[in-house]
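Structure first, commentary second.
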Amino acid sequence: MAESVSFCNYVLVAEVDIKDFPRDACSVASTLSIVGERWTMHVLREAFLGVRRFEDFRRNIGVARNILSDRLTTLVDEGILRRELYSEHPPRFEYRLTRKGVDLYGILIELMTWGNRWAPNPNGPAVVLRHRSCGAVIEPVHACPDCGEPVHARDLEALPGPAMIGRAETAA
């Protein structure tokens, strides 16, 4: 039996308790293993703000060179940033977001939105977002792709996904 969860995404629903999902197949855990470290999120924030060069990252973030170098290497190795040579003598590189990196934008926006609400700056937000098409300053919202309604945590239900269903079938 298939249940529609969006226009092009169908999930087979099995008789499995969602609280028993295989933690080693958890998308949240695998994502955090790559971008969950504090300085990594700072690097990503700067990259989305247009920072590309090592010294600019270091100046803006205030991180030690060795830590920044390690975080940039991880992000390049994971395909989130790519290195582009901008000077041959001496060799110097810029770091640019890849498509995979751009897909992390929503995570940063959610962190910013949460911080504006629960850890606000007394002077107001440091950054606001303007929709390029219409010029409105907005806070993005999640919406159902089928009906267009905004969705929040209590509006969604976690269902077993393919990894969990596969485990249940294998165990049976």
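Comparison of Gly124, Gly79, Gly101 shows that the only residue that is at positive phi and under 15 Å from the mean Cα position of the chain (by Cα) is Gly79. Within region 105-118, the set of residues being free of Cβ contacts under 8 Å to residues at least 40 places away in the same chain and under 18 Å from Leu44 (Cβ atoms) comprises Gly106, Ile109, Glu110, Met112, Thr113, Trp114, Gly115, Asn116. Would you point out which residue out of Ala47, Ala25 is out of contact with any Ser or Thr (no Cβ under 8 Å at 6 or more places or on another chain) and more than 30 Å from Glu169 (Cβ to Cβ)? Testing whether each residue is out of contact with any Ser or Thr (no Cβ under 8 Å at 6 or more places or on another chain) and more than 30 Å from Glu169 (Cβ to Cβ) leaves just Ala47. Close contacts from region 79-95, counting a first residue that is more than 29 Å from Thr31 (Cα to Cα) and a second that is among the charged types (D, E, K, R), with Cβ to Cβ under 7 Å and a gap of 6+ residues or different chains, come to Tyr86/Arg92; Tyr86/Glu94.
Quickly run through region 108-130 and pick out the residues that are touching a helix residue (DSSP H, G or I) at 6+ places or on another chain (Cβ under 8 Å) and not in a helix (DSSP H, G or I). Give the derivation first.
Narrowing region 108-130 to residues touching a helix residue (DSSP H, G or I) at 6+ places or on another chain (Cβ under 8 Å): 108, 111, 125, 127, 129.
Within region 108-130, Pro125, Val127, Leu129 qualify.
Within region 42-73, being exposed (fewer than 12 other Cβ atoms within 10 Å of the Cβ) and either in contact with a Lys or Arg (Cβ under 8 Å, 6 or more places away or on another chain) or assigned to a loop (DSSP other than H, G, I, E, B) (or both) holds for Leu49, Gly50, Gly62, Ala64, Arg65.
For Gly135, the criteria (1) closer than 27 Å to Thr40 by Cβ; (2) out of contact with any Lys or Arg (no Cβ under 8 Å at 6 or more places or on another chain) hold in every case but one, which is (1). Restricting attention to region 139-168, which residues are closer than 22 Å to Leu108 by Cβ, among the hydrophobic types (A, V, I, L, M, F, W, C) and surrounded by 11 or more Cβ atoms within 10 Å (Cβ to Cβ)? Hits for region 139-168 are Ala143, Val151, Leu156. Checking each residue in region 136-163 for being acidic (Asp, Glu), at pLDDT 95 or above and part of a loop (DSSP other than H, G, I, E, B) picks out Asp146, Glu149.
The values are calculated or read from the model by the stated rules, or taken from the named source; none is laboratory data. Computed from a predicted structure; not experimentally measured. Heads up, the Cβs are rebuilt from the backbone with ideal geometry, glycines too, and the neighbour counts pull from every protein chain shown.
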